[in-house]
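Peer 1: There's a structure below that I have some questions on.
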Amino acid sequence: MCIISLIIFASLSFNSNEIFAKSTSPRPQYSAAWKAYKRLTKSPRLRKDRRAWLKVIRAFRKVYLSWPENEVYAPKSLYMMARLYKELYGYSGRKKDLREAIERYEVLFERFPQSPYADDALYHAGVLYLRMGQKEKALSYWKRIILDYEGSDYYRKAARRLGKKKVSKLKAQKRTYGTRTSGDVLANPYAVVKDIRHWSEKDYTRVVIDVSKNTHYHAGFLSENRKKGLPKRLYIDITPARVAKDLEKKIVISGGLLKRVRIAQYDRDTARVVFDLGKTSKTKVFNLEDPFRIVVDAFGEKYPQRPLCLPPKGKLTLAQQLGLCVRRIVVDAGHGGKDPGAIGPTGLREKDVTLKIAHFLKKELEKRLNAEVILTRSTDKYLPLEQRTAIANAKKADLFISIHCNAAPNRRLKGVETYFLNFALDEEAMRVAALENATSRRRIGDIKGILTKIMKNSKVEESKRLSKFIQNGLVTTLKKRYSGISDLGVKQAPFFVLIGARMPAVLTEVSFISNKREERRLRSPKYLEAIAKGIAAGIEEYVKNTELIANLGMGN
Ligand SMILES: [Zn+2]
C-alpha cells in the first residue's frame, strides 16, 4: 500500500505565452451575451427551451474563457453562468443544473475573492447547497462572508441565516485571530506556507511548496519588465494563507530554469511565491495532498523530446529490437524509511520486499536489455512521492516502474495485478486506489475533472501496453514455478505516484502481503527473484514489440 497523495482543487498546465495573448476588450462580447440573456428572460417560449438557456450560458462561458484573468469580466461571466444555471433549474428541476450553478459560484469566489461578486457567490452557493440538503457546506460558506466580507451586501443576509450565536462567536474569533497559536488549527482559516524544496538537473527543475493544510491557489505569469530589470516570472498565489516567519524568503536555485524564488505576504489573505524564469520552455503546476503541497515542474528548451513509441506495423529491424525506445529505466521500490507500507500477518514489511525486488530487477534488466537502470532508492530510506517522479523526469527515463504489494481486509484475496494511471473502472480498482492513496472512494470520484486535465499529458496508451506486457511476464514466469498464482489482470486507477511522470509509467502489485501464503512466499528470495525475472521478461517483450514512430515532442 502507499501513502500516496491526491490531486484536488486545481491543476494548471500551460505554455508561458498563453495568458497574455488577449488584449482586446471583453466588453462587446459580454454585452452581446447580456442582451441574449435579456431576450431569453422576456420570451415565455424561449424560457421553456433548455437549448436556449444553454446557448446563453455558452456565450458567457466564451467571455470567461477568452479573458480568464480579467478581474472585471471573468467573475461577472462566472456569475452570469451560475445565475443562468440556477434559473434553468427552476424550469428543469434537474439536480445537475444546481450543481453546475454551485460550481461556477465556487470558481468565482475562489479565483476572484476581491471581486464585488464574491460575497454574492458565497451566499448563493450556500443557499443552493442547503437546497441540496448539504447544510454544513452552506453554513461554512456563510461563515466565510462573516469573516471576510464584513459590510458587504450579503453580510446581513448571511448573518440572518447563521443566527446571532454563531455570528458573535465568529466575530470573537476574528478579533483574536492575530494572537492565535498554531495549535488552534481548526478555528484558523489560514494555511501556512511552511517550506520550499527543490531538485534540479540539467533541463529540469521541480520545486515543491509545502503548505500546512488544503487551500486554494492560482498560478499565472508576469511579463518581463525591462525598466525594473525583472525577467518573465511565474507566480503562485495561495489563499487564504500566511508565510511562515522562519521561512527563507529568497531562494536561489541552480540549473537556470526557475532561477530565484521569492515568497511574500502579497496582501492580508494571499501568500505569493514568485519564480524568476530562465530558459524555461514549459511549466506545469499541480498539487498533491496528505500533506498538501504544490508542485512546480519546469522544463528547459533542451529537455529531450520523448519519442513516440508504438506497436510495430511490420517486421522489426535490428535497431528497433535493440530498444531505441527504452534505454533508461527508473525502478521505484515502494515506501521506505518511516513509511513501512503494508504489513503482513506475521509482520513482513512491504518496504523491505519492494526494495529487494528492485535490486533483483535492476540486475535482471541490465543483463537482459543492457539498459541503464536507476533506482529511486537503493536503501531503506524515506522518499516523498513527488521526489520519485522527479527522479524519473530529471533522469529523462524512458520507463517508470513502481513496485508494491497489495493488501486487503479480506485475507483470502491473493494474486498479481498491474496498473496504469487512469480513472478507475470498477469497484475493486477503486478500493485498491483508495487504499494506496490513503483517501476515501468518494474523493477519488470528486477529482475526475482534474484528472482529465492531467491525463492529457500522460502516456496513457503506452502505459497501458506496458502494463499488459509486465502483467503477462509476471504471471507466466510465476506460474512456471509456483502453484495457485492468480492473474488479476491489468487495471486502471488514479494512483497518484504515477502523476507527473513524463514517460510510460506503471505500478505493479506483485502479490498480496495480507494473504498468509503469499506473505510466506514474499519472504523467500527465490520468489522475489522470480518476480523480478517476470517483470523484466515483460519489459523485454514490450521493447521487442515497440517501434519508434517519431520524435513528436513532449506530448503537448
Ligand atoms: Zn504500496
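The values are calculated or read from the model by the stated rules, or taken from the named source; none is laboratory data. These numbers were taken from a predicted model, which means no experiment stands behind them. Cβ placement follows ideal geometry from the backbone for every residue including glycine, while neighbour counts extend to all protein chains displayed. Accessible surface areas use protein heavy atoms only, side chains included; no ligands, DNA or RNA. Shrake-Rupley method; radii C 1.70, N 1.55, O 1.52, S 1.80 Å.
Peer 1: Pulled fully out, how much extra length does the chain show between ARG156 and ARG517, if you take 0.36 nm times their separation in residues and subtract their Cα-Cα distance?
Peer 2: 123.5 nm
Peer 1: Here is a further query. Ordered by packing density, taken as the mean number of other Cβ atoms within 10 Å over each peptide's residues, highest first, how do 236-245, 26-35 rank?
Peer 2: Those peptides, ordered most packed to least, come out 236-245, 26-35.
Peer 1: Placing +1 at every Lys and Arg Cβ and -1 at every Asp and Glu Cβ, with all other atoms neutral, what dipole size does segment 191-300 have around its Cα centre, in debye to the nearest 20?
Peer 2: 540
Peer 1: For HIS216, list long-range residues whose amide hydrogen, built 1.01 Å from N in the peptide plane, is under 5 Å from its own amide hydrogen.
Peer 2: THR239
Peer 1: Can you give the FRET efficiency for TYR482 and LYS213, using 1/(1 + (r/R0)^6), R0 = 51 Å, r = Cβ-Cβ distance, to the nearest 0.05?
Peer 2: Once the sixth-power term is evaluated, E becomes 0.65.
Peer 1: In whole angstrom, how far apart do the alpha carbon centroids of segment 131-163 and segment 482-541 sit?
Peer 2: 50
Peer 1: Given a Förster distance of 25 angstrom, what is the FRET efficiency for SER25 paired with MET132, based on the Cβ-Cβ distance and rounded to 0.05?
Peer 2: Calculated transfer efficiency: 0.10.
Peer 1: Here's something else I'd like to know. Just to verify a number: what accessible area does MET132 come out at with the full protein assembly present, 1.4 Å probe, Å² rounded to tens?
Peer 2: Approximately 40 Å² of MET132 is accessible to the 1.4 Å probe.
Peer 1: Give the residues of segment 282-300 whose amide nitrogen is closer than 20 Å to a point set 7 Å from the Cα of LEU230 in the direction of its Cβ.
Peer 2: Residues 283 qualify, since their backbone N sits under 20 Å from the label point.
Peer 1: Once you have the alpha carbon radius of gyration of segment 16-175, what is it after dividing by 2.2 N^0.38 Å, with N set to its residue count?
Peer 2: 1.13
Peer 1: Between ASN370 and ASN410, how many nm apart are label points set 7 Å from Cα along the C-beta direction?
Peer 2: Computed distance between label sites ASN370 and ASN410 equals 4.8 nm.
Peer 1: Want the number for ASP195 to ALA32: 0.36 nm per residue separation, take away the alpha-carbon distance, what's left?
Peer 2: 54.0 nm
Peer 1: Per residue of segment 527-533, what does 6.51 cos²θ - 1.76 cosθ + 1.60 with θ = phi - 60° give for ³J(HN,Hα)? Whole Hz please, x for Gly and Pro, Karplus curve as stated.
Peer 2: Taking θ as phi minus 60°, the curve returns 5, 5, 5, 5, 4, 4, 4 Hz for segment 527-533.
Peer 1: Which ³J(HN,Hα) values in Hz, rounded to whole numbers, follow from the phi angles of segment 194-199 under the Karplus curve 6.51 cos²θ - 1.76 cosθ + 1.60, where θ = phi - 60° and Gly and Pro get x?
Peer 2: The phi angles translate into 9, 7, 10, 10, 8, 10 Hz.
Peer 1: Oh, and also: Got a sec? What order do TRP67, TRP199, TRP142 fall in by accessible area at 1.4 Å, biggest, i.e. largest, first?
Peer 2: Largest accessible area first, the residues go TRP199, TRP67, TRP142.
Peer 1: Please work out the C-alpha center-to-center distance from segment 323-395 to segment 245-301 and express it in whole Å.
Peer 2: Measuring centre to centre over Cα atoms gives 28 Å.
Peer 1: Output ³J(HN,Hα) for segment 63-68: one whole-Hz value per residue in order, computed from phi by the Karplus curve 6.51 cos²θ - 1.76 cosθ + 1.60 with θ = phi - 60°, and x for Gly and Pro.
Peer 2: Coupling constants for segment 63-68: 4, 4, 6, 7, 10, x Hz.
Peer 1: Moving on to the next point. Considering only protein heavy atoms, what per residue accessible area in square angstrom results for segment 191-300 with a 1.4 angstrom probe?
Peer 2: That works out to 42 Å² for each residue.
Peer 1: Under a 5 Å amide H to amide H cut-off, with H placed in plane at 1.01 Å, what residues pair with LYS491 once short-range neighbours are removed?
Peer 2: So LYS491 has HN proximity to THR418, TYR419, PHE420.
Peer 1: Just the number, please: carbon plus sulfur as a percent of the accessible area of segment 16-175, 1.4 Å probe, no ligands or DNA/RNA counted.
Peer 2: 50
Peer 1: Okay, next question. Amide H of LEU230 versus every other amide H placed in the peptide plane: which residues, excluding those fewer than 5 positions away on the same chain, fall under 5 Å?
Peer 2: ASN225
Peer 1: As a test of reading the structure, rank GLU541, GLU248 by solvent-accessible area (1.4 Å probe, protein chains only), most first.
Peer 2: Heavy-atom accessible area, descending, gives GLU248, GLU541.
Peer 1: Obtain the radius of gyration and the Kirkwood radius of segment 191-300 from its C-alpha atoms and give Rg over Rh.
Peer 2: Taking Rg over the Kirkwood Rh, I get 0.95.
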